[in-house]
Amino acid sequence: MWGAAAVRALAGLVLLHALGAVLIALASRTSWRAALARPSSALVALAALYLVSLGAPGVGVLVVAAVATRWRRPRTDLVPARFPWPAFVALAALVLARPWVPTQWDEYVWLGKARLESLGFGAGVRAALDASQQLIPRGYPTLWPSAVGWVSLGHDALSTHTLAASLLVLLALAAALDAWAPLLPDRLGWPAIAAVLAVPLAWVHMRSTYVDLPLGLLGVALLGQLLRGTDARPPVEATALALVLVGFKDEGLAHVLAASAAAWLVVGRRGGAWRLVVPTVLALVATGLWRWLERRAGVDNVDHALSAPYWPWVPTLAQLLWRHASELFSWGVFWAVALAVLLGRPDGDGPRALRWLLLADLTFIAVELLCGPERVRVFAENGTLVNRLLMQAWPAAAGAVLFALATAPRSSSPRSAPAMPAA
């Protein structure tokens, strides 16, 4: 049973990767072989499949995205540089060495909805837009459970779904490493690596199928893709990452806006920087389309509805952030180190962009809690919500800490790999 689950999930991921490589080759005139070398190619396929699953309106957005991508002339020479395959494989072994069954509450929710894809492509979207189905939570974006079903090749088996979701977590990590490998210092040093990995809660999330860590990783990946190249021509993956983020979860749009703002603050004065906003615009269009489909179907997303901020709750928010971030059994001393880095003076585009991203992430956390419904604030006071939101910000903070504690000089601009021949 376990062997069959592994074969199906791995085969599904390989097929997604191959499809994504084809789409990159078509959208940017990159050779298919060069596109296959990019670990994040599968995310391009996920973005396209998500829009197709939304029906005719989604296909229309996909066409617009394809035209916009070709119009802004994406980079074609960004092959992964110094991707840390040995470390990634070792980490993947630790992540996958978990029970291939749900072990936490929300895993049952997300993996339960992944079963819908065994009824046919797009069944998850159709069920989410059917008010009589009463899916929990109502009105949430559907890409994460649908992606689990697609990687599982539509096979309805809990072990396959659990493994497929874990592979998606690793895919998000690979996307972040793929985007930042050319930007990181030559030698990080053990103090930097230890400061980032000595976070118990991060290991819990890496070995779960929650969406919070993938959101943070993909937000960092999006920032890295936007920064790559001094001519402000981010590759195709930037658009795909933006669409995947808003398809995974409502908070994904906040990560898109945060990454775009951070990139603009660092490279916005350079020529052609207007191209940086194209992924953000397409993410806003995709979000608006999903909201329109919800309203048309009579499905209300009450959990994430925003309103005027509830200012009397600000002291409570500050207290909750302090209590959670300083909890040693969850975070160790990580957030104390991150705070020291945040107050420092970073040198180079990468460190400065990560600091802006972390500030934007923390700002959006405050906005989500202050402007969200009362039931969300009650959940934050009595549950694990604050730690999960901090987990979304952890990858940005981890990147900033890596740069600050690096033992080798930092590069002031991204390093691109040699150009590959066009297809």
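Between amide H atoms placed 1.01 Å from N, distances below 5 Å from Thr30 occur with Ala423, all of them 5 or more places distant or on a separate chain.
As a rough footprinting exposure proxy, the listed residues Leu43, Leu257 were ranked by other beta carbons within 10 Å of their own, and the order from fewest upward is Leu257, Leu43.
For Thr103, Thr239, Thr287, the sequence from fewest to most other C-beta atoms within 10 Å is Thr103, Thr287, Thr239. Distance between the pseudo-spin-label points of Arg29 and Val302 (7 Å out from Cα toward the beta carbon): 5.4 nm.
If R0 is taken as 30 Å, the Cβ-Cβ distance between Ala56 and Val14 corresponds to a FRET efficiency of 0.55.
Working note: 222 nm ellipticity from helices only, DSSP H runs with n ≥ 4, each -39,500 (n - 2.57), summed and divided by the residues of the chain, gives -21000 deg cm²/dmol to the nearest 500.
Look at the dipole of the stretch 2-404 built from charges on Cβ: of Gly12, His324, Pro39, the Cα furthest out on the positive end belongs to Pro39.
Can you sort Ile24, Ile193 from fewest to most other Cβ atoms within 10 Å of each residue's own Cβ?
Final ranking by Cβ density, sparse to dense: Ile193, Ile24.
Treating r as the C-beta distance of Trp313 and Ala6 and R0 as 56 Å, the FRET efficiency rounds to 0.75. Extension gain, Ser326 to Ser132, is 65.5 nm, computed as 0.36 nm per intervening residue step minus the present C-alpha separation. Our coupling estimate for the stretch 250-259, obtained by passing each phi through the Karplus curve with A = 6.51, B = -1.76, C = 1.60 and θ = phi - 60°, is 4, 5, x, 5, 4, 5, 5, 5, 5, 5 Hz, Gly and Pro reported as x. Averaging 1/r across all pairs of distinct Cα atoms in the stretch 2-404 and inverting the result yields a Kirkwood radius of 21.2 Å.
Provide the FRET efficiency to the nearest 0.05 for the Leu284-Ala97 pair, computing r from the beta carbons and using R0 = 56 Å. It comes to 0.90.
Here, each number is a calculation from the coordinates, and none is a lab measurement. Just so it is clear, the structure is predicted and the values come from calculations on it, not from any experiment. Glycine also receives a Cβ, built like all others from the backbone with ideal geometry; neighbour counts cover every protein chain displayed.
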